[in-house]
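Notes follow the structure.
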Ligand SMILES: [Zn+2]
């Protein structure tokens, strides 16, 4: 009896389910899903089988062959982060049908009322399962160490439609009596105005990549294997289709670098502004925040990142969250290589520069707890959402870039392709990667201090700030700000959002309020349509005690729920110069809370709690 993963109750001596068939009835009035999960094991098993659940109401567990009940139990207490294990007692059974209902406070699901959507007429629901939220939708072995295929049958009220990170198995059709089994009664399943949609995922994936959305969704093809879906109606769909028109070029660039694209479709779903991340690499259908649609194709970089996960993350997956850098460091590296091909080297370098700045800031954030600056941290008992940071992304990127510099790009490209081909559809750990590295690059351990990179805290001395003319110019302009110099119009004439973001990020954290105001008076950064620029500026304004921007901070925090913006703005407010900012943070959260995804609610709550 041993845990396979510090964040899952999955027992290393139990078999891992290889397939789950889900039947899900959506009750929008109650923000609840009534469902069943038919889990299939590789062979008959006798004894306990532990499944992760959080806030799931389990009604019964049935042997699908005999129809007999399977005994099950829960521990008396429930961990707020990890949930509680559902323990089945199997006797020579290779499948179990669990009948359950989700909770309205399921941490993976955000239910939006019609008023909270762009359609204003229909409700909307969507999932975010990474890191450990799939267990709040259905009972599963919620560890990336376990991979399974699935099929799903969704029952929705017309005219809502569903999309899934999976292949559509059939056209929308009427419900059929009896097909729901014990998941819900025929009276409910076949009630007037209901329709059924079916999906299948035939490639084995970890549970955190399970994803769907349902609501009023419009769609348009933008490439031979790419369709854009959006909740926001035709205006948003038009903008999204323009922004992501280059998707096919990116897929081709990715294939040239990393090998065949193995997932068939590469569709994109633009979610409402409350989506807590920039993007989520759900296979076959990436989920995106609408804030990446900026009209200047810079949102393409988020798409490049999520696309890169098709190889690093989805094909090769970190075994547990302690090895998250294998997903994110590799993907950040791969993203920049794709950006370099489709947008040029300067763009990729700016991207690296923003990342370098972000990595250095994380060192300050974790100054009191350097464990989380390690590439491979100890996360026993730690909520992964709580310590989510740029470290696995940017330190991971730096590590791979360091290896590339050591052996040369040509050799590194061959290495990466071989790595992907060797471990595809597997979940691996850092040690497996290091072994593979040492075998394929003999002597590398004598050239790079691998132990320091993987187990050491902080930033290793052989990490590198990127070098380019534009990058250096921006950083030197930012340094001149300290002497009271604001860049001249001709110096910023061809700057896009990324240049501004890099400039603001490189300014001193706290400067004279009057100087911040005059920078904004000249360049209207607080009103930028580019949220990266706007939020970077507002963060600087709050830290510098510019109270005149509190209104703009409030409206920003009420418009979007992307954690990349919530974290710095709420943090700047609670670190504010006086009680006024702390009180403002609490009031805004009280008013905006319901519009945030449950994961974002938890993160903001913990920022406020640390400074109460
Ligand atoms: Zn990522």
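What follows is calculated from the coordinates using simple rules that are stated; it is not laboratory data. All values reported here derive from a predicted model rather than from experimental measurement. As a convention, Cβ positions derive from the backbone with ideal geometry for all residues, glycine included, and neighbour counts pool all protein chains shown.
For this structure, a couple of remarks:
- Entry note, the stretch 31-170: relative contact order of 28 percent, from Cα contacts under 8 Å with a spacing of 6+ residues.
- When each of the peptides 225-238, 313-326, 435-448, 382-395 is scored by how many other beta carbons lie within 10 Å of its residues on average, the order from highest to lowest is 313-326, 382-395, 225-238, 435-448.
- Residue ranges 337-348, 494-505 sort as 494-505, 337-348 when ordered by packing (mean number of other C-beta atoms within 10 Å per residue, highest first).
- Full extension of the segment from residue 43 to residue 457, taken as 0.36 nm per residue of separation minus the current Cα-Cα distance, would add 144.7 nm.
- For the chain, the relative contact order is 11 percent, taking Cα pairs closer than 8 Å that sit 6 or more residues apart in sequence and dividing their mean separation by the residue count.
- Label positions at residue 68 and residue 479, each projected 7 Å from the Cα along the C-beta direction, are separated by 7.7 nm.
- Residue 406-residue 191 FRET efficiency (beta carbon distance; Förster radius 51 Å; 0.05 resolution): 0.20
- Whole-number percent relative contact order across the stretch 291-363, with pairs defined as alpha carbons under 8 Å at least 6 apart: 24
- Centre-to-centre, using Cα atoms only, the stretch 484-540 and the stretch 268-309 are separated by 25 Å.
- FRET efficiency for residue 445 and residue 611, using Cβ-Cβ distance with R0 set to 30 Å, rounded to 0.05: 0.10
- Angle between the chain longest axis and helix 409-423 axis [Cα atoms, degrees, rounded to 10]: 20
- Förster radius 30 Å - calculated FRET efficiency between residue 370 and residue 424, Cβ distance, rounded to 0.05: 0.30
- Inter-part distance, the stretch 356-405 to the stretch 90-155, computed on C-alpha centroids, equals 29 Å.
- For the stretch 222-304, share of DSSP beta bridges that run antiparallel, in % to the nearest 5: 30
- Between helix 396-407 and the chain: long-axis angle, C-alpha atoms, 0 to 90°, nearest 10: 70
- Computed from Cα atoms, the angle from the helix 579-592 axis to the main principal axis of the chain rounds to 40 degrees.
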